[in-house]
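One structure is given below, encoded as structure tokens.
The values are calculated or read from the model by the stated rules, or taken from the named source; none is laboratory data. Nothing here was measured: the structure is a model prediction, and the numbers come from that model. So basically every Cβ, Gly included, is an ideal-geometry build from the backbone, and we count neighbours across all protein chains shown. Areas reflect the complete protein model, heavy atoms only, side chains present, ligands, DNA and RNA absent. Shrake-Rupley method; radii C 1.70, N 1.55, O 1.52, S 1.80 Å.
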Amino acid sequence: MFIRKGKWILIVSFFLILIPVLIYILAMPDIAILRTRNPAKTAFMEYREKEWAEKGLKRRIAKEWMPLGRISPYLLKAVLIAEDDKFWKHEGFDFESIQKAIEKDLQAGRFKFGGSTISQQLARNLYLSPEKNLFRKAAEAVLTWKMERTLSKRRILEIYLNVVEWGEGIFGAEAAARHHFGKSARDLSPEQAARLAAVLPNPRRYNPAGEQKYVVNRARTIHGIMVKRGVVAPEYEEVPASIRNISP
């Protein structure tokens, strides 16, 4: 009796999630338009504006579009290392990372829905809210699948780097670089790129230009991987003149 009742609960729950997702699919936004048109404002930006309005805060979104080719290659590498190291290989989903995230959630006794790829994050930022529920996760999966089959990897990365949140009201690499380091995104050093990548999990809590222990340690790890992979030349101490001038 209990087994049969539990079975029906699972079936009903499945359809309660499936029906809204199917409705969403029918009304799915036109992702193909992003091949040639840059998004003016994302759902996530609108969510932040609504938050500010409800709190009576007068704030504005800071953003400035920067083509991928004009963004520091150090930032590209740092963000991929920090957020999605398999970006160029997967088709939108990193199932190994998802499995690890689920295992951590089960151990912690709560669901945080971690393990998102850059493609998943972009789908969420463009079209959904940051609220965590099964419907949003299902809609995110559908959008990610569609996005990976509609846009090139370079285009996905370009849009992501221009709309991702990098502080309170700060969106995109160019606005972030100018706000935190007073320079254009194309001029970021390897260390600055690593610091910006380090704060992406929680950009409103951490300051990439500050000395918070988490930022310092994570940025050091990211920068170390960049050195190991040959993205950044390792820094060597200057050889003393007394040694340099010794003849063989």
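Looking at this structure, is VAL216 modelled with pLDDT under 95, over 30 Å from LYS58 (Cβ atoms) and surrounded by 11 or more Cβ atoms within 10 Å (Cβ to Cβ)? Taking the combined requirement at face value, the residue does not satisfy it. Taking the conditions (1) closer than 19 Å to ALA43 by Cβ; (2) modelled with pLDDT under 95; (3) part of a helix (DSSP H, G or I) in turn, LYS104 satisfies each one other than (1). Residues that are of a type outside the set (A, V, I, L, M) and modelled with pLDDT under 95 within the stretch 107-119 comprise GLN107, GLY109, ARG110, PHE111, LYS112, PHE113, GLY114, GLY115, SER116, THR117, listed in sequence order. Filter the stretch 194-213 for residues that are open to solvent by 10 Å² or more (accessible area, probe 1.4 Å) and touching an Asp or Glu at 6+ places or on another chain (Cβ under 8 Å) and give the result. Listed by number, the residues that qualify are LEU200, PRO203, ARG204. Inside the stretch 126-169, residues that are of a type outside the set (A, V, I, L, M) and open to solvent by less than 10 Å² (accessible area, probe 1.4 Å) make up a count of 7. Cβ-Cβ contacts under 8 Å between residues 6 or more apart (or on different chains), taken from a first residue in the stretch 79-95 that is on the phi > 0 side of the Ramachandran plot to a second residue that is not acidic (Asp, Glu), are listed as GLY92/THR117; GLY92/SER119; GLY92/GLN120; GLY92/THR144; GLY92/TRP145; GLY92/MET147.
Among the residues of the stretch 163-191, the ones that are over 17 Å from the mean Cα position of the chain (by Cα) and closer than 18 Å to VAL232 by Cα come to 6 in all. Just to be sure I understand, how many residues within the stretch 79-101 are open to solvent by less than 80 Å² (accessible area, probe 1.4 Å), hydrophobic (A, V, I, L, M, F, W, C) and either modelled with pLDDT under 75 or in contact with a Cys (Cβ under 7 Å, 6 or more places away or on another chain) (or both)? Qualifying residue count, the stretch 79-101: 2.
Filtered by the rule that a residue be open to solvent by 60 Å² or more (accessible area, probe 1.4 Å) and not in a helix (DSSP H, G or I), the stretch 30-55 gives ASP30, THR36, ARG37, ASN38, ALA40, LYS41, LYS55.
Taking each residue of the stretch 56-67 that is surrounded by 10 or more Cβ atoms within 10 Å (Cβ to Cβ) and looking for partners that are among the hydroxyl-bearing types (Ser, Thr, Tyr) with beta-carbon atoms closer than 8 Å, six or more apart or interchain, yields MET66/SER184.
Okay, residues lined up against (1) under 24 Å from HIS90 (Cβ atoms); (2) modelled with pLDDT of 95 or more; (3) in contact with a Ser or Thr (Cβ under 6 Å, 6 or more places away or on another chain):
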| site | (1), (2), (3) |
| --- | --- |
| PRO130 | yes, no, no |
| LYS137 | yes, no, no |
| VAL164 | yes, yes, no |
| LEU188 | no, yes, yes |
| ALA194 | yes, yes, no |
